[in-house]
1. Assuming R0 = 60 Å, can you tell me the calculated FRET efficiency for the pair residue 202 and residue 368, based on Cβ-Cβ distance, to the nearest 0.05?
2. Roughly speaking, to the nearest percent, how much of the stretch 4-208's 1.4 Å accessible area is carbon and sulfur?
3. Once neighbouring chains are kept in place and the probe is 1.4 Å, which whole percent of the accessible area of the stretch 219-391 is contributed by carbon and sulfur?
4. Show me the trypsin sites (Lys or Arg not before Pro) within the stretch 1-75 that DSSP assigns to loop and that have at most 13 other Cβ atoms within 10 Å of their Cβ.
5. Specify whether the C-alpha gyration tensor of the stretch 250-299 places it in the rounded, prolate or oblate class, a ≥ b ≥ c being the square roots of the eigenvalues: rounded for a/c under 1.5, otherwise prolate if a/b is larger than b/c and oblate if not.
6. Testing the spin-label approximation: label points 7 Å from Cα along Cα→Cβ at residue 385 and residue 37. State their distance in nm.
7. Counting only pairs 8 or more places apart or on different chains, how many lysine pairs in the stretch 4-208 have C-alpha atoms closer than 17 Å?
8. Label points 7 Å out from Cα along the Cβ direction at residue 123 and residue 5: separation in nm?
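The values are calculated or read from the model by the stated rules, or taken from the named source; none is laboratory data. Given the structure is predicted, the values throughout are model-derived calculations rather than measurements. Because the Cβ atoms are built from the backbone with ideal geometry, glycine has one as well, and the counts that use them run over all protein chains shown. For accessibility, only protein heavy atoms count, side chains too; no ligands or nucleic acids. Shrake-Rupley method; radii C 1.70, N 1.55, O 1.52, S 1.80 Å.
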Amino acid sequence: MTFATLGLIEPLLRALETLGYQTPTPVQAQAIPAVLAGRDLMAAAQTGTGKTAGFAVPLLQLLAMEGPKVTANSVRALILVPTRELAEQVHESVAQYAQNLPLSTYAVYGGVSINPQMMKLRKGVDLLVATPGRLLDLFRQNALKFNQLQTLVLDEADRMLDLGFSEELSNIYRVLPKKRQTLLFSATFSDEIRLLAGQMLNDPLSIEVSPRNVAANTVKQWVVPVDKKRKAELFVHLMRKGRWKQVLVFAKTRNGVDALVEKLQGLGVNADGIHGDKPQATRQRALDRFKTSDVQILVATDVAARGLDIEDLPLVVNFDLPIVAEDYIHRIGRTGRAGNTGEAISLVCADEVNMLSAIEMLTRQTLTRHMEQDFEPEHRVPDTDASGQVVKKPKKPKKPKTTGGGKRNLGKWVESGEVSVAEPSLKPVRKVPVFNTGPRKKK
Ligand code: AMP
């Protein structure tokens, strides 16, 4: 199959050729004809499978072939994305695909001055990429009108519809024309999101090019159990031992990012960090320098988990596991892209066993563990598997209490029994008493 057989016009074929795209990826093969036919879509595709071109290329063709010229402050197609970095990246791809077409494209997002964006929108824009908050700001300041809007794309739709954005999104829907084409693209879809999406779309075509919630199989994944307080030391050890060149590292908190960057810089390592407290220009500069390999190690919170395309990135390290299991798939999807192989290493401490279990259940795999010599944890990470089980060492049976026996068979007693069965993945595991025994006891 070629792009030409999918019915694309010559200026787009030329652009794709310039970019070195020879054959459509599976998501492109399914999405392109459907979008060209005007269908609504709900597409689940693994990250790194070429979904941006899957929606952007046919969309550009529709904009070039159909509809009136864009008028002042209007947009004809809108792509909503969850993060600023993703807005830049999606727009960069769109601009490349549109290089031979007489169409205007632009990206708007928060964290930077709104005035240049208002100026730019004055003439109208054929295709706009936006984060929801800034889009609403621009609309409220009359810098944007949606009367010409023909297509709405939600990229990373699960996150877009997730709690954080639900209010902004419903405010946006309210002001969009009812008659429009809507495309939902996402790597992961929970069942509730599917239901919600089903209500938003008109007779949607559902595309699922890969099993749901499965990470790309080109990424070799493994876990190193370690004590929390020794994670940074282990990271430096593995970095030196493996002679890591370009690594994207995910930490849970902004402070965690700063602390690791500081430690690495203190050791003379070329490292930088990205998180929500940093000004947008600094975030973008760090990312750009990482992409050009001017920065060797980029430490980030989950602002960098989704959608970022870093060419040939060989390694992702989860310094901390993500709280939301689906973010694991997004994080490790930064490597092993476009058919390359990659590696994802997670440093896991006992506190994180429930997150590990949730990830294994979601991705339906038991992650291989590798115990690093001299870093064996004192606080053992209980065994886990893809069934969601956290295998704790059996506790010693409790001695029956000698007082209050009459109450033991009443509600309370039974209730606590239920909790221990239903909640294994919610309970902290620190209480497992294994770390107080054994030969590696320190201090
Ligand atoms: P995406 O999943 O849209 O972020 O794309 C992942 C990477 O694959 C990007 O670097 C794209 O430029 C590249 N890509 C997308 N489609 C193709 C294709 N048909 N042939 C080769 N590379 C592609």
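1. With R0 = 60 Å, the Cβ-Cβ based efficiency is 0.85.
2. Working: 4300 of 8430 Å².
After summing per-atom areas, the C and S share lands at 51 percent.
3. The value for the stretch 219-391 is 48 percent carbon and sulfur by accessible area.
4. Loop-located and lightly packed - 69.
5. It comes out oblate by the Cα gyration axes.
6. Each label point lies 7 Å from its Cα, and together they span 4.4 nm.
7. Summing the qualifying lysine pairs gives 7.
8. 4.0 nm
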